[in-house]
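Here is the structure we will look at, set down as structure tokens.
The values are calculated or read from the model by the stated rules, or taken from the named source; none is laboratory data. Note that this is a predicted model, so its numbers are computed, not measured. Glycine also receives a Cβ, built like all others from the backbone with ideal geometry; neighbour counts cover every protein chain displayed.
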Amino acid sequence: MQNLIKSSSISTLTRILSILCGVSIIAVVFLPIWRIELDAPQYPEGLSMQIFSNKLSGDVEIINGLNHYIGMRTLHADDFIEFTVLPYVIGIIGLFGVIAGIIRKRWFFFTWATIFLVFAVLTMIDFYIWEYNYGHNLDPTAPIQVPGMTYTPPLIGFKQLLNFGAFSIPDIGGWIMIAVGAILTTLGFYEIKRKKHV
């Protein structure tokens, strides 16, 4: 009977880290998740834009002014349906992590970890699709037109776009999400291995 209870419960280590990961995910609601930096000769100090779960921050208006010349859509938080739901989705997923640590049920932990990992993958796919459409659907009446040129920012890393260098990288919230993903994956393998020895 004792072995049956142990086999259906997560370890103390997994319990503690699950709660910490859950709280960390909830904190992401209030932190910048991603950032895009632009460098060009006319902007030696650079331009940057931070993406939160519910808003855009940084040099958004300056970037919008530049985008107008090459036919890219201007960026407004109201245009992103994701900003209306992401804070709640992230908060609920984080809460599930805390609950998983409290109730200690292995099945709940694995369900939560799977939901988080699927959410992270779908979020990156959605971000890539947004970037692709943003850089490809150009205004045909734009003042500056370069035949065959598109302006999709990099999903991650560096890309040269005309005279602008674009650098895309996770911000503090994004690094937290990556760390949580790595921790949950590691804990998942640990719990599978632990169950076999109970």
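Answer yes or no: is there a residue in segment 27-34 that is in contact with a strand residue (DSSP E or B) (Cβ under 9 Å, 6 or more places away or on another chain), at pLDDT below 85, over 30 Å from PHE189 (Cβ atoms) and not β-branched (Val, Ile, Thr).
no
For segment 35-74: of the residues being within 17 Å of the chain's Cα centre (by Cα) and among the basic types (Lys, Arg), which is surrounded by the fewest Cβ atoms within 10 Å (Cβ to Cβ)?
LYS55
Out of the residues in segment 131-181 that are among the hydroxyl-bearing types (Ser, Thr, Tyr) and crowded, with 16+ Cβ neighbours inside 10 Å, state the one that is nearest to THR74 (Cα to Cα). Steps first, please.
Start the filter on segment 131-181 by keeping residues that are among the hydroxyl-bearing types (Ser, Thr, Tyr), which leaves 132, 134, 141, 150-152, 168.
Those left that are additionally crowded, with 16+ Cβ neighbours inside 10 Å: 134, 151-152, 168.
Values: TYR134: 9, TYR151: 13, THR152: 14, SER168: 18 Å.
Result: TYR134.
Show the residue pairs meeting these rules: Cβ distance below 6 Å; 6+ apart or different chains; first residue within segment 69-98 and over 25 Å from PHE164 (Cα atoms); second residue outside any helix (DSSP H, G or I) and modelled with pLDDT of 80 or more.
Sorted first by the residue in segment 69-98, then by its partner, the pairs are PHE83/ASN54; LEU86/SER53; PRO87/VAL29; PRO87/SER53; PRO87/ASN54; ILE90/VAL29; ILE90/SER53; GLY91/VAL29.
Residue check: is ILE125 within 27 Å of ARG35 (Cβ to Cβ), within 16 Å of the chain's Cα centre (by Cα) and surrounded by 12 or more Cβ atoms within 10 Å (Cβ to Cβ)?
When the stated conditions are applied, ILE125 does not pass them.
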